[in-house]
Amino acid sequence: MDQSSNEVQVAPLQTAAVSESAAIIQPAPHYGGFWMRFLAYFVDIVLLRVITFLLTFGTGVLMYLAYSQYVEILSEQIWIIELVGGIVSLIVSWLYFAFFNSSKYQATPGKMICKLKIVDREYNRISFGRATGRFFSMFVSTLIIFIGYIMAGFTDKKRALHDMMAGTYVIYR
């Protein structure tokens, strides 16, 4: 027997040169599911209700005091105080969600507690404008009997309707 025929030929390992401009492969993100997002939203709503109650209560008292000095408040005129309270509540809610979601934390306090964050299609931080669009598109998710929110439990990337409209994703940190 020829000894050379029993030897296995092994090709030398070749190392591929990787350029600095080559894309770095990142693992697929873990998307935030319906129940975790629900918990985060619940925390945010509780915080917002406390904040807006304090602001609208203060606004209502000031308006009542200012208005009652001139005329007796009639029940028909209470709608002015309620309207101002609603406007203050909307503005505070918008700024809360838009500011926190576009901040360096990329999440509201509720999402931070649940270890979630909001990203764009390239998984980067979203702008204040996109966060504003996402906030107002949440009204569409609400208007259709909350089906827009429920969609997050059934889509492959756990996206609600307002995420699709704003081009955002909710992922774990």
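Read-outs throughout are calculated quantities, based only on the coordinates presented, and are distinct from any laboratory measurement. What you are looking at is a predicted structure, and each value in this text was computed from that prediction instead of being measured. Glycine also receives a Cβ, built like all others from the backbone with ideal geometry; neighbour counts cover every protein chain displayed.
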Within-12-Å neighbourhood charge of ARG159 [Cβ basis; K, R +1; D, E -1]: +3
Starting from the Cα gyration tensor of region 131-173, take the square roots of the eigenvalues, sort them a ≥ b ≥ c, and report rounded, prolate or oblate (rounded when a/c is under 1.5, otherwise prolate if a/b is larger than b/c, else oblate). oblate
All other residues with a Cβ under 14 Å from the Cβ of MET138 taken together, and with Lys, Arg as +1 and Asp, Glu as -1, what is their net charge? +3
Mind pulling the per residue volume of the convex hull built on the Cα atoms of region 98-173? Å³ is fine. 81
